[in-house]
Amino acid sequence: MIGKLEAAELRELWKHEALDFISWLADNLDVLKDQLGLDLTTVEQEQSVGPFSADILAKDASGRSVIIENQLERTDHDHLGKVLTYLANLDAKIAIWISSDPRPEHVTAVDYLNENVPSDTEFYLVKLQAFRIGSSEPAPLFTIEAGPSEERTAAGETKKNLAEKDKKRYEFFQQLLDRCREKTNLFSNISPVGYQSWVQAGAGKGGLGWILVATEKSARIDLFFYAPSAEMNQKRFEAFMVHKDEIEKAFGEPLSWEFKTSRKQQYVRSVCSIGGLDDEGKWQDIQSDLVDRLIRMDAAFRPWIKQIN
């Protein structure tokens, strides 16, 4: 005969969270080992943290401090705050938050923490349920809803690397714009955006702009044709091409005239040969070169920009 698994109320096992469940768990931390893979030993119940107290302070087999916060109810922001407070103040490396009803938002929050905290710190959100078979005594079941993983750690490292790149781009363009303002007012009202590898300013006519670009390996300046009409962009590009020799002579060197019928926007470019964002030791030279190219391109194109429609 096969029995039927039935859900049981947690309050049948523990009538009072603080008096019953916490004491039981402190004496039976081995129930978490199969799920979490952690061999835990209780150090203290109701460990004081200023005017607050962590439900359980434990140690794992490596001697790392572990805090456990319990809720025989739905997760809430108050307990999330407690988890973070106890983890920080008790210098713990592992936080275990047990709840009978983890909210999806808090599952996401714990995943986020595991992606962004130092690699030696771990967060677990564990769902607690109780079941019985027929008339048997109810038994607890612990299930991990959110926890550390190699994928989460890798995702976290990727995010950190991207954040570092964003910071690096922001610093480069802030320095570039500062240098630019010393020589010209073309980018005087422009601010950098960390996730963008460029900054753009108007070139004196609607649908025409200057773009300063810096990627990991290279940097350049573009005259950008971005009118809503592809036909207008082509017409303007061709109008400048008629004066190509005069423009390049005024600029002082050849330019890259990049027209493609497959796209609406078009470009005239001048590339810096010194390097890009990865060449931090050359940033000053790269930035000075870009500013010089900007000023020379503006002077070379300005007479013709005034004449086009």
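The values are calculated or read from the model by the stated rules, or taken from the named source; none is laboratory data. These numbers were taken from a predicted model, which means no experiment stands behind them. Because the Cβ atoms are built from the backbone with ideal geometry, glycine has one as well, and the counts that use them run over all protein chains shown.
Among residues of region 99-117 that are under 25 Å from Leu25 (Cβ atoms) and touching a residue at least 40 places away in the same chain (Cβ under 8 Å), those with a Cβ under 6 angstrom from a residue that is part of a strand (DSSP E or B) and of a type in the set (Gly, Ala, Ser), sequence gap 6+ or separate chain, pair up as Asp111/Ala146.
Out of curiosity, is Gln307 exposed (fewer than 13 other Cβ atoms within 10 Å of the Cβ) and either modelled with pLDDT under 95 or not assigned by TED's automatic domain parsing to the domain that holds Cys180 (or both)? Don't jump to the end; show me each part of the working.
Working: exposed (fewer than 13 other Cβ atoms within 10 Å of the Cβ): yes; either modelled with pLDDT under 95 or not assigned by TED's automatic domain parsing to the domain that holds Cys180 (or both): yes.
Criteria met by Gln307.
Screening Ser53 against (1) surrounded by 13 or more Cβ atoms within 10 Å (Cβ to Cβ); (2) in contact (Cβ under 8 Å) with a residue 12 or more places away in the chain leaves a single unmet condition, (2).
Just the residues that are hydrophobic (A, V, I, L, M, F, W, C) and within 23 Å of Glu69 (Cβ to Cβ), please, taken from region 124-142. Result: Leu125, Val126, Leu128, Ala130, Ala139, Leu141, Phe142. Every condition in (1) among the charged types (D, E, K, R); (2) over 33 Å from the mean Cα position of the chain (by Cα); (3) not in a helix (DSSP H, G or I) holds for Asp292 except the one numbered (3). Working only within region 118-131, note down all residues that are surrounded by fewer than 17 Cβ atoms within 10 Å (Cβ to Cβ) and not acidic (Asp, Glu). Answer for region 118-131, where residues must be surrounded by fewer than 17 Cβ atoms within 10 Å (Cβ to Cβ) and not acidic (Asp, Glu): Pro118, Ser119, Thr121, Gln129, Phe131. The one condition from (1) touching a residue at least 40 places away in the same chain (Cβ under 8 Å); (2) within 20 Å of Val31 (Cα to Cα); (3) surrounded by fewer than 20 Cβ atoms within 10 Å (Cβ to Cβ) that Leu90 does not meet is (2). Can you find even one residue in region 152-173 that is more than 30 Å from Ala214 (Cα to Cα), at pLDDT below 90 and surrounded by 13 or more Cβ atoms within 10 Å (Cβ to Cβ)? Yes, because at least one residue in region 152-173 is more than 30 Å from Ala214 (Cα to Cα), at pLDDT below 90 and surrounded by 13 or more Cβ atoms within 10 Å (Cβ to Cβ).
Strands (runs of 3 or more DSSP E) wholly in region 1-104 with at least 1 residues that are within 22 Å of Pro118 (Cα to Cα), among the aliphatic types (A, V, I, L, M) and assigned by TED's automatic domain parsing to the domain that holds Phe142 - which ones?
Working: elements: 5-8, 41-49, 52-59, 65-74, 94-101.
Those strands (runs of 3 or more DSSP E) span 52-59, 65-74, 94-101.
For region 21-58, the candidate set comprises residues that are modelled with pLDDT of 85 or more and among the acidic types (Asp, Glu); within that set, the residue that is nearest to Pro140 (Cα to Cα) is Asp30.
When you look at Ile295, is it touching a strand residue (DSSP E or B) at 6+ places or on another chain (Cβ under 9 Å) and either surrounded by 13 or more Cβ atoms within 10 Å (Cβ to Cβ) or under 17 Å from Gln175 (Cα atoms) (or both), yes or no? It would help to see each step written out before you state the result.
Values: touching a strand residue (DSSP E or B) at 6+ places or on another chain (Cβ under 9 Å): no; either surrounded by 13 or more Cβ atoms within 10 Å (Cβ to Cβ) or under 17 Å from Gln175 (Cα atoms) (or both): yes.
Considered against the rule, which asks whether it is touching a strand residue (DSSP E or B) at 6+ places or on another chain (Cβ under 9 Å) and either surrounded by 13 or more Cβ atoms within 10 Å (Cβ to Cβ) or under 17 Å from Gln175 (Cα atoms) (or both), Ile295 comes out as no.
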